[in-house]
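Q: Dumping the structure here so I can ask a few things about it.
The values are calculated or read from the model by the stated rules, or taken from the named source; none is laboratory data. These figures come from a predicted structure and were not determined experimentally. All Cβ positions, glycine included, derive from the backbone under ideal geometry; neighbour counts span all protein chains shown.
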Amino acid sequence: MTRRELGSLVSGAILSSALPEGAAAQQAATLASTWLNFAEMQTRKSAGGGEIRAFVNGKLATGERLECHETTLPAGQMPHASHHHLHSEMVLVREGTVEVAVGGKSKTISAGGAVFIASNEEHGLTNVGASPATYFIVAIGPTAGS
């Protein structure tokens, strides 16, 4: 088997594992470059009545874990209770208005805004707008996505 054939085989395996149904296989593999079509990604319902669309979840070549997903949250809802974890997160607001509490301080963020949340900081998010809010979470660290 040539190096190119092996690369194609590995890339196909990684691509299939980048989606939620391949999560177990992805745990052991290093993420490879890939393309994801938004319309083809599966969504799941969240506890707060929202919708979550997973993009990627796996280990980088440098050893960190990377997880990225989009959440659409109904007005007045929280995706879950305030919490903290070892990995760091970046919240990127695509549409709507959310209030993000980090370390006891809160700030309202609207479309185009972002928040960085450092490792182990207590944080929570609420849609404080009158319409759904859509935002991306990019989590990086040893336990991202778990």
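Q: How about segment 52-76: which of its residues are over 20 Å from residue 130 (Cβ atoms) and among the β-branched types (Val, Ile, Thr)?
A: 52, 56, 62
Q: For segment 85-111, enumerate the residues that are in a loop (DSSP other than H, G, I, E, B) and either within 17 Å of residue 46 (Cβ to Cβ) or out of contact with any strand residue (DSSP E or B) (no Cβ under 7 Å at 6 or more places or on another chain) (or both).
A: Keep residues of segment 85-111 that are in a loop (DSSP other than H, G, I, E, B), which gives 85-87, 96, 103-104, 111.
85, 96, 103, 104, listed by residue number.
Q: Of the conditions (1) at pLDDT 95 or above; (2) crowded, with 17+ Cβ neighbours inside 10 Å, residue 56 fails just one. Which one is it?
A: Checking residue 56 against (1) at pLDDT 95 or above; (2) crowded, with 17+ Cβ neighbours inside 10 Å, the one that fails is (1).
Q: Here are the criteria: (1) among the charged types (D, E, K, R); (2) more than 19 Å from residue 38 (Cβ to Cβ); (3) without any contact (Cβ under 8 Å) to a residue 40 or more places away in the chain; (4) in a strand (DSSP E or B). Tell me which single one residue 53 does not satisfy.
A: (2)
Q: Which one of these does residue 65 not meet: (1) out of contact with any Gly (no Cβ under 9 Å at 6 or more places or on another chain); (2) among the charged types (D, E, K, R); (3) closer than 24 Å to residue 38 by Cα?
A: Condition not satisfied by residue 65: (1).
Q: Keeping to segment 62-76, report how many residues are among the hydroxyl-bearing types (Ser, Thr, Tyr) and touching a residue at least 24 places away in the same chain (Cβ under 8 Å).
A: 2
Q: Another question about this same structure. Out of 133, 81, I need the residue that is farther than 26 Å from residue 32 by Cα and over 16 Å from the mean Cα position of the chain (by Cα). Which one?
A: 81
Q: In this structure, does residue 24 turn out to be outside any strand (DSSP E or B), at negative phi and modelled with pLDDT under 90?
A: Taking the combined requirement at face value, the residue satisfies it.
Q: I'd like to check something: does segment 121-129 contain any residue that is touching a residue at least 24 places away in the same chain (Cβ under 8 Å), over 29 Å from residue 31 (Cα atoms), surrounded by 13 or more Cβ atoms within 10 Å (Cβ to Cβ) and among the polar types (S, T, N, Q)?
A: yes
Q: Any residue in segment 77-100 that's farther than 16 Å from residue 128 by Cβ: show its pairings with residues that are part of a loop (DSSP other than H, G, I, E, B) and among the polar types (S, T, N, Q) at Cβ separation under 6 Å, as long as the two are six or more apart or on different chains.
A: Here the result reads 84/120; 86/119; 86/143; 87/143; 88/119, each pair linking segment 77-100 to a residue that is part of a loop (DSSP other than H, G, I, E, B) and among the polar types (S, T, N, Q).
Q: Restricting attention to segment 102-120, which residues are surrounded by 15 or more Cβ atoms within 10 Å (Cβ to Cβ) and either in contact (Cβ under 8 Å) with a residue 40 or more places away in the chain or touching a His at 6+ places or on another chain (Cβ under 9 Å) (or both)?
A: 102, 115, 117
Q: Same structure again: In segment 74-101, how many are of a type in the set (Ser, Thr, Tyr) and surrounded by 15 or more Cβ atoms within 10 Å (Cβ to Cβ)?
A: Of all residues in segment 74-101, those of a type in the set (Ser, Thr, Tyr) come to 82, 88, 97.
Next, only the ones that are surrounded by 15 or more Cβ atoms within 10 Å (Cβ to Cβ) stay: 88, 97.
So the count comes out to 2.
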